[in-house]
Amino acid sequence: MENVDGRVKVAVVGAGWAGLAAAVELADAGADVTVYEAARALGGRARRVELDGVALDNGLHILIGAYRETLRLIGKVRRGAGSGLLRIPLDLYVLGKFHLRAAALPAPLHLAAGLLLARGLPVAQRLRAALFMARLRAARFHLERDLSVDALLTRFNQGPDARRYLWEPLCVSALNTPPADASAQVFLNVLRDSLNGTRADSDLLLPAEDFGALFPDPAARFIVAAGGRVVSGCGVHAITRAGGQLAISSAQGRAEFAHVVCALPPYRVPEVLGGVPEVGPALDMISRLRYEPIYSVYLQYPGEVQLPQPMVGLAGTRAQWLFDRGRLCGQRGLIGVVISARGLHQELDQAALAAEVHGELQAALPAWPAPLWSRVIAEKRATFACVVGVQRPQQRMPVPGLYLAGDYTASPYPGTLEAAVRSGVTCARMILESRPA
């Protein structure tokens, strides 16, 4: 179906990063795009949350230099407004325990030197960590058979300190899945494209503003400027076949489109696509996915309180990584704490968890005062569990014009923003390639 002006009509259902990526690419190529989003705020699992006038994020995410598609689209929609990101050469600092900093050398020497000079690891463990990366590189980061990250580290004789302060935190941060369950092959894909890429690929990119301002808001403006529509607060009830078209039933009524990109969270897809029998195998695959949480704990301290650097880690605590929002976003004294994957913290109520996290910070930094206020944001199904052998549906559905987008769809990567964005871009390109010449 085309408009009178010849533009192909496309609906994107869901305005998370996957859906917005698809919509931006389509709108930029001249398609007539309508984006439906049930929530008022755009961005899905990386969006702005307002608390008494303070802009927070529903998840504390780290980007890396290897997120090429994410960075490309951020640059496209921000149009000279800056990246909105603080770029730091790889620097992993666990308070009082461990410090790895990439050397000012070309890749892969920057990482090899960083591992060999890392503080907090015995010399033998540093050598084994460097040898681990060298052996993975020789094997092209490929395993003949998938196994758990825990088993992989055992196979390559990684010492307890290297596991505790380096490999296991990297696994949990990237895959949001405990090492005992996490897919080693997917972990190796992450290591290949970040630590084994160019020196810039391993850079840490920390948001210097809230996630809504970073991409979703400018993406929506870009889509509208290109002649599309972004309809928030409008949930979609069903996607069905309508002759040679696809029909969207939403709070605004029924509309038909030539193409539909379903970019909803996976656990919502079956209720919306349940009336399309051809997608049954994909829905069965989705039904077998498990999910992992991400908890973001915000602690507001007096304005003079600062971390020693914008991002630091803790070890042996519920708190995993700490972000100084004063250094990053100008929110002085505000510390964001991320707790990835499942754990005993899920059994605590929000007040108890915030109090426990503050106690962990105070133990590591004894001079800190009590927080003025705290807030816990729990995304209980933040990502799919990236377990050994996990199966994920393709983006192209066996129905003409119907596509799935989301970090849970087929990809070499775990449930990251880059995986989400790439899935949306893939859907957009398949739609654009299907247009008659």
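The values are calculated or read from the model by the stated rules, or taken from the named source; none is laboratory data. What you are looking at is a predicted structure, and each value in this text was computed from that prediction instead of being measured. Virtual Cβ from ideal backbone geometry, glycine too; neighbours counted across all protein chains shown.
List of remarks:
- Subset of region 318-363 [of a type in the set (Val, Ile, Thr) and either modelled with pLDDT under 95 or touching a His at 6+ places or on another chain (Cβ under 6 Å) (or both)]: ILE339
- For region 168-268, the helices (runs of 4 or more DSSP H) that sit wholly inside it and include 2 or more residues that are within 16 Å of the chain's Cα centre (by Cα) are 168-175, 184-194, 211-214.
- Options ARG241, ARG318: the member that is of a type in the set (Lys, Arg) and buried (at least 17 other Cβ atoms within 10 Å of the Cβ): ARG318
- The combined condition, being assigned to a helix (DSSP H, G or I), within 24 Å of the chain's Cα centre (by Cα) and over 30 Å from PRO308 (Cα atoms), is fulfilled by ALA419.
- Of all residues in region 263-282, none that is over 15 Å from PHE384 (Cα atoms) and outside the structural domain of ARG241 (by TED's automatic domain parsing) has its Cβ atom under 8 Å from the Cβ atom of a residue that is of a type in the set (A, V, I, L, M) and crowded, with 18+ Cβ neighbours inside 10 Å, 6 or more apart or on another chain.
- Here the strands (runs of 3 or more DSSP E) wholly within region 1-78 that include at least 3 residues being surrounded by 23 or more Cβ atoms within 10 Å (Cβ to Cβ) are 9-13, 32-37.
- If you filter region 396-417 down to residues that are surrounded by 24 or more Cβ atoms within 10 Å (Cβ to Cβ) and of a type outside the set (Gly, Ala, Ser), you find that the one that is farthest from VAL8 (Cα to Cα) is PRO414.
- Complete set of residues in region 386-416 that are within 20 Å of GLY275 (Cβ to Cβ), within 20 Å of the chain's Cα centre (by Cα) and among the small types (Gly, Ala, Ser): ALA405, GLY406
- Of the residues ARG128, ARG163, ARG140, the single one that is farther than 16 Å from LEU63 by Cβ, of a type in the set (Lys, Arg) and surrounded by fewer than 17 Cβ atoms within 10 Å (Cβ to Cβ) is ARG140.
- ALA225 being in the same structural domain as VAL33 (by TED's automatic domain parsing), of a type outside the set (Ser, Thr, Tyr) and without any contact (Cβ under 8 Å) to a residue 12 or more places away in the chain: yes
So that you can scan it fast, the table gives a plain yes or no per residue for (1) closer than 14 Å to VAL260 by Cα; (2) out of contact with any strand residue (DSSP E or B) (no Cβ under 7 Å at 6 or more places or on another chain); (3) not assigned by TED's automatic domain parsing to the domain that holds VAL261:
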| position | (1), (2), (3) |
| --- | --- |
| GLY16 | no, no, no |
| ALA22 | yes, no, no |
| ARG48 | no, no, no |
| LEU63 | no, no, no |
| LEU73 | no, yes, no |
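- Subset of region 370-416 that is of a type in the set (Ser, Thr, Tyr) and in a loop (DSSP other than H, G, I, E, B) - its residue that is nearest to ASP349 (Cα to Cα): THR416
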